[in-house]
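First up is the structure itself, then whatever we jot down about it.
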Amino acid sequence: MPKTDTMLRALGLMSGTSLDGVDAALVESDGRTIAATGAARTYPYSSNLRERLRRALGGRQPVKAVERDMTLAHAAAVGALLKEAGLTPAGIDVIGFHGQTIVHRPRERFTWQIGDGGLLAQRTKIDVIGDFRSADVAAGGEGAPFVPIFHAALVATMRRPLAVLNVGGVANVTWIGPEADTGETGKGLLAFDTGPGNALIDDWMLSRLEAPCDAGGAAAAAGLVDRAALAALMSHAYFERQPPKSLDRNAFDPAPIAGLSTQDGAATLTAFTAESVAAAARYFPAPPRAWIVTGGGRRNPTLISMLRAALGGEVRTAEEHRWNGDALEAQAFAFLAARSIRGLPLSFPSTTGVSRPMSGGRLFRKP
């Protein structure tokens, strides 16, 4: 991945609400276009660190020690990716470091992503952009989703409108209209969290079988959707809010499925994700030509089948669209770091509800 004088070589790091591990990816970008992508890998957390991060969700206990260990895991991921790519720290202009969201309450103008940007810069000897969301939330924005402008860059040469659906712990969608570009206005973009993604399903499987997820959607495929429980879940007031809007990982109470079997509960929660995505489509300015599904949820064939049934249109996974689905979020934060360095806005009124296009990110200089 040779770098030109006008481009920045950025390394993106993402740790999502599913708590799987560190996604790391290389991108060459000027903050507006994506010139090239490079090596990308996921480095799983140890079971101990994953459990400690899970306990930190909600910010109900001291997080300093787990924040340090999580940051060191990110530094190790940077070292491993550079080794694989045959690069040294001097060959990277900036790291985009998302950190781990443990609290997200935009209505209280509060969001908290743990991660020590200064320590990461010190360990990697590379400048770091972190703290991407705080400026948006402080200015009245939702602080999420933050990848729509990256999605616009990805589909710049494709026929639109398109919808990019990211199913992580929480699911979010970017609707990209024909007039969308990657400049400073955010025109032609609409983005918001649609509802639950994988988090409720993962938590259900962990509580019932001590399994980290419903691998391959097998439990859901073996179960039956409880329509009464699904209706109760879909009655949540969030679905009536106008976008842009965003969610905390733990926003939904799974009480309606408490009495169900493991399989029926998994089926009902999977249907909940699909139905909430279908409900989100009513807010689009025009129907998308296709939905492109990214995030861990794209690996769940039962969910994909339910999405196709609920949406009634063309639904493709990232890989079917020739994207590296495992790398996209890390690539997004590499791209956002390049935008931050260039002084370009990261969020917009139509993506987070902020009053004006907002720049963001905090720079931590290498030693």
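Every read-out reported here was derived from the displayed coordinates using simple, explicitly stated rules and does not represent laboratory data. Since the structure is predicted, the reported quantities are computational estimates derived from the model, not experimental observations. Cβ sites come from the backbone with ideal geometry, for glycine too, and all protein chains shown count toward neighbours.
Give the aspartates and glutamates whose C-alpha is closer than 15 Å to that of LYS245, dropping any in the same chain fewer than 8 places away, or say none.
GLU108, ASP136, GLU142, ASP193
With axes computed from alpha carbons, what is the tilt in degrees of helix 47-56 against the longest principal axis of the chain, rounded to the nearest 10 within 0 to 90?
80 degrees
Taking segment 94-152 as the region of interest, what is the percent of Cα-Cα pairs per 10 angstrom bin, listed from the shortest bin to the one with the maximum distance?
P(r) for segment 94-152, in whole percents per bin: 23, 45, 28, 3.
Per the Cauchy relation, a quarter of the hull surface: what is the mean projected area of the convex hull of the alpha carbons in the chain, in nm²?
16.6 nm²
Counting DSSP beta bridges with both partners in the chain, what percentage is antiparallel, nearest 5?
Percentage antiparallel, nearest 5: 75.
Pop the C-beta distance of ARG365 and THR157 into the FRET formula with R0 = 35 Å and round what comes out to the nearest 0.05.
Calculated value: 0.45.
Below 13 angstrom from the Cβ of GLY79, what's the summed charge of the other residues (Lys, Arg +1; Asp, Glu -1)?
+3
Which three numbers, in whole Å and largest first, are the semi-axes of the equivalent ellipsoid of segment 237-353 derived from its Cα gyration tensor as √(5λ)?
28, 19, 16
Sum up the charges of everything whose Cβ sits under 9 Å from the Cβ of GLY117, counting Lys and Arg as +1 and Asp and Glu as -1, but leave GLY117 out.
Numbers: positive: ARG362; negative: ASP116, ASP131.
Its environment carries a net charge of -1.
With a cut-off of at most 11 other beta carbons within 10 Å, and DSSP calling the residue loop, which trypsin sites (Lys or Arg not before Pro) in segment 1-82 qualify? Please list them. Kindly include the intermediate steps, with their values, before the conclusion.
Values: sites: LYS3, ARG9, ARG32, ARG41, ARG50, ARG52, ARG54, ARG55, ARG60, LYS64, ARG68; in loops: LYS3, ARG32, ARG60.
For trypsin sites (Lys or Arg not before Pro) across segment 1-82 that sit outside H, G, I, E and B with at most 11 neighbouring Cβ atoms in 10 Å, the list reads ARG60.
Classify segment 123-208: rounded, prolate or oblate, from the alpha-carbon gyration tensor (a ≥ b ≥ c, eigenvalue square roots; a/c under 1.5 rounded; otherwise prolate if a/b is larger than b/c)?
oblate
Would you please give the FRET efficiency between SER305 and ALA211, computed as 1/(1 + (r/R0)^6) with r the Cβ-Cβ distance and R0 = 25 Å, to the nearest 0.05?
Taking R0 as 25 Å, the efficiency between SER305 and ALA211 is 0.75.
Where a ≥ b ≥ c are the square roots of the eigenvalues of the C-alpha gyration tensor, would you call segment 327-367 rounded, which needs a/c under 1.5, or, failing that, prolate if a/b is larger than b/c, or oblate?
Oblate, since a/c reaches 1.5 and b/c is not below a/b.
So which aspartates and glutamates can LYS187 reach, going by Cα to Cα under 12 Å and dropping same-chain residues fewer than 8 places off?
GLU179
Under a straight-distance cross-link criterion of Cα-Cα below 16 Å, which aspartates and glutamates are reachable from LYS125, leaving out those fewer than 8 residues away in the same chain?
Output for LYS125: ASP93, ASP116.
Multiply the residue separation of SER235 and THR88 by 0.36 nm, subtract the distance between their alpha-carbon atoms, and state the gained length in nm to one decimal.
So the extension gain works out to 47.7 nm.
With axes computed from alpha carbons, what is the tilt in degrees of helix 301-311 against the longest principal axis of the chain, rounded to the nearest 10 within 0 to 90?
On a 0 to 90 degree scale, this one is about 80.
Kindly provide the helix-only [θ] at 222 nm of the chain, computed as the sum of -39,500 (n - 2.57) over DSSP H runs of four or more divided by all residues, to the nearest 500 deg cm²/dmol? All intermediate terms of the calculation are to be shown ahead of the outcome.
Working: 12 runs with 125 residues, N = 367.
-10000 deg cm²/dmol, from helical runs alone.
Could you tell me the ratio Rg/Rh of segment 5-115? Both radii from Cα atoms, Rh via Kirkwood. Let's see the in-between values first.
Values: Rg = 15.3 Å, Rh = 15.0 Å.
Ratio of gyration radius to Kirkwood radius for segment 5-115: 1.02.
Quick one: angle between helix 328-342 and the longest Cα principal axis of the chain, in degrees between 0 and 90, rounded to 10, please.
40 degrees
Can you list, largest first and rounded to whole Å, the semi-axes you get for segment 89-247 by taking the square root of 5 times each eigenvalue of its Cα gyration tensor?
30, 23, 18
What trypsin sites (Lys or Arg not before Pro) in segment 171-248 are in a loop by DSSP, with at most 14 other Cβ atoms within 10 Å of the Cβ?
Those that pass, being in a loop and sparsely packed, are LYS187, ARG241.
Got the relative contact order for segment 234-341 handy, in percent, Cα pairs under 8 Å and 6 or more residues apart?
23 percent
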